[in-house]
């Protein structure tokens, strides 16, 4: 199961529809960080045994009350033992947000507007094998290191 967290209902629903149309994955929307945590709690209880039906969270950064980065921090503290993957899906990509998101051990970063082919390719990779989450997280962190070096080099010039 994939949880799509975005305060813009139309965007969240569009992403959920793109995922569900193929019949390969099941996606549900949450329109706030609080609603997302309520759904995570519900799906944890449904599965029991310390796991969660939700395996991946697609997360927007810019949201009211609790933004995606605050959500990610809280998620890592309360649900990390469940090994939930996170893909950031956002229109914003600046140095600070990139740094905070990638240091939260995310599995990838998609820019809005999200294309169906790109989205499904990321999902296919994420669910391709048990270790894929770790491989993707490592790739994203390596990109983070390269990008930070590039940004620092640009500041010196």
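Bear in mind that the values in this text are calculations on the coordinates, not laboratory data. Because the structure is predicted, anything quoted here is derived from the model rather than measured. Note: ideal-geometry Cβ built from the backbone for every residue, glycine included; neighbour counts use all protein chains shown.
Would you mind calculating the gained length between residue 10 and residue 45 on full extension (0.36 nm times residue separation, minus the Cα-Cα distance), in nm to one decimal? Mind showing how you got there, number by number?
Details: separation 35, 0.36 × 35 = 12.60 nm, distance 2.84 nm.
Additional length available on full extension: 9.8 nm.
Which order results if 63, 148 are arranged by neighbouring Cβ count within 10 Å, fewest first? Kindly include the intermediate steps, with their values, before the conclusion.
Numbers: 63 21, 148 14.
The order, fewest Cβ neighbours first, is 148, 63.
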Worksheet item: At what distance in angstrom do the alpha carbon centres of the range 1-15 and the range 103-124 lie from each other?
Response: 13 Å
Discussion item. Can you sort 53, 133, 9 from fewest to most other Cβ atoms within 10 Å of each residue's own Cβ?
Written reply: 9, 53, 133
Worksheet item: Rg to Rh ratio, the chain, alpha-carbon atoms and Kirkwood radius?
Response: 0.96
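Subtract the Cα-Cα distance of residue 139 and residue 31 from 0.36 nm times their separation in residues, and report this length gain in nm to one decimal.
In short, 36.0 nm is gained.
Expressed in nm to one decimal, what extension gain is obtained for the pair residue 155 and residue 125 from 0.36 nm per residue of sequence separation less their Cα-Cα distance? Intermediate results must be reported in sequence, preceding the final value.
Details: separation 30, 0.36 × 30 = 10.80 nm, distance 3.45 nm.
Full extension of this stretch gives 7.3 nm more.
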